[in-house]
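Single-structure report; data block below.
The values are calculated or read from the model by the stated rules, or taken from the named source; none is laboratory data. For clarity, every value in this text was computed on a predicted model and none was experimentally measured. Here the Cβ positions follow ideal geometry from the backbone for every residue, glycine too, while neighbour counts run over all protein chains shown. These accessible areas exclude ligands, DNA and RNA; they are computed on the full protein's heavy atoms, side chains included. Shrake-Rupley method; radii C 1.70, N 1.55, O 1.52, S 1.80 Å.
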Amino acid sequence: MDTGTFRGLITLILIFAFIGIFFWAYSKRRKPDFDEAANLPFADDDEKPTRDKHASTEHEADSRHDRGDKNR
């Protein structure tokens, strides 16, 4: 088997793989899964962000101390 035949077979295999993935991605069975995945970035919009006030005030106090601020 020479190099040209080997490259041709690899190309043929990759074409079939591409066509298979294309039909898998656009099949009607996969549409609900892909629609759900498409809406994932919007899933957490109903929840309010929570913050630990104690941790944020400690961080601010530490940064003021590091800068030498006297107004605590």
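The conditions of being open to solvent by 100 Å² or more (accessible area, probe 1.4 Å), among the basic types (Lys, Arg) and modelled with pLDDT under 65 are met by Lys70. On inspection, Arg30 passes the criterion of being in contact with a helix residue (DSSP H, G or I) (Cβ under 8 Å, 6 or more places away or on another chain) and either exposed (fewer than 10 other Cβ atoms within 10 Å of the Cβ) or at pLDDT 75 or above (or both).
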